[in-house]
Structures are given as C-alpha cells and as structure tokens.
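Beneath this line is the structure, given in structure tokens, with notes to follow.
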Amino acid sequence: MSNEQSTPKSNQVAQTKDQVKIPGKYHVVFINDDFTPMDFVSKLLIDIFYHTPDTADELTRLIHDKGKAIVGTYSYEISEQKSIECTTMARSAGHPLQVTVEAE
C-alpha cells in the first residue's frame, strides 16, 4: 500500500468560463387598424402598461398616424404576457387590435 494521496496535478485542472448572457429585451408593438377605438387603445396603455393618460394619448395618436408604435419594452416573458393580455381584452370587447412582440 502506498501512502500517497490522490491529488490533481496542476496541468490537469480543467478551466471553465461561465458565460452568462444578459437576457434580451423585447418590444410590445401595437398595430393600427380602422376598427379599434382610440379610447380603448388608450385604456389598455394605462391599465396594462401603466402609462400616464397623457403618454397613453400620445402613443395612441402615434399608432394612428404612423401605423404602429412600441408601447413597452420588457423581458420576453413579460412582453409575451402583456401582448396576450391586450389581445384577450381586445377580442373580449370585439376589437381586432393586433399586438406583436419584436426583439430589440
């Protein structure tokens, strides 16, 4: 029997680098249509995205004038949840509002 203890040799130690990527951000985008009332869009922006009434009105006008606008930027999961929540509320109210999630 040997009294030698098993120890790793310095040249056998594996070196690993932990590379953690910062999660990407995603935009929630409202797309204009000719059927969803502007008041309804403003209400969604206040209730779901916590915009002030003034900011909600400005964004609603931007969506109407430009055809679409970013209404919030979040992690993927939050963006997806807010998109689903808006779409569900719009459909429940009979509106065809389109909401998309796009990578930043």
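The values are calculated or read from the model by the stated rules, or taken from the named source; none is laboratory data. Note that this is a predicted model, so its numbers are computed, not measured. Every residue, glycine as well, gets a Cβ built from its backbone with ideal geometry; the counts of neighbours run over all protein chains shown. Side chains are part of the model used for accessible areas, which takes the heavy atoms of the whole protein and leaves out ligands, DNA and RNA. Shrake-Rupley method; radii C 1.70, N 1.55, O 1.52, S 1.80 Å.
Solvent-accessible surface of the stretch 11-90, taken per residue with a 1.4 Å probe and all protein chains present: 70 Å². Please give, to one decimal in nm, the separation of the simple spin-label points placed at Ile46 and Ile78, each 7 Å out from Cα toward the Cβ. If labels sit at Ile46 and Ile78, their model points lie 2.2 nm apart.
What is the stretch 15-104 by shape, rounded, prolate or oblate, if you read a ≥ b ≥ c off the alpha carbon gyration tensor as root eigenvalues and call it rounded for a/c under 1.5, prolate for a/b larger than b/c, and oblate otherwise? Prolate. Converting phi to 3J(HN,Hα) with the Karplus coefficients 6.51, -1.76 and 1.60 and the offset θ = phi - 60°, the stretch 39-50 yields 4, 5, 4, 4, 4, 4, 5, 7, 6, 9, 9, 6 Hz in sequence order, with x at every glycine or proline.
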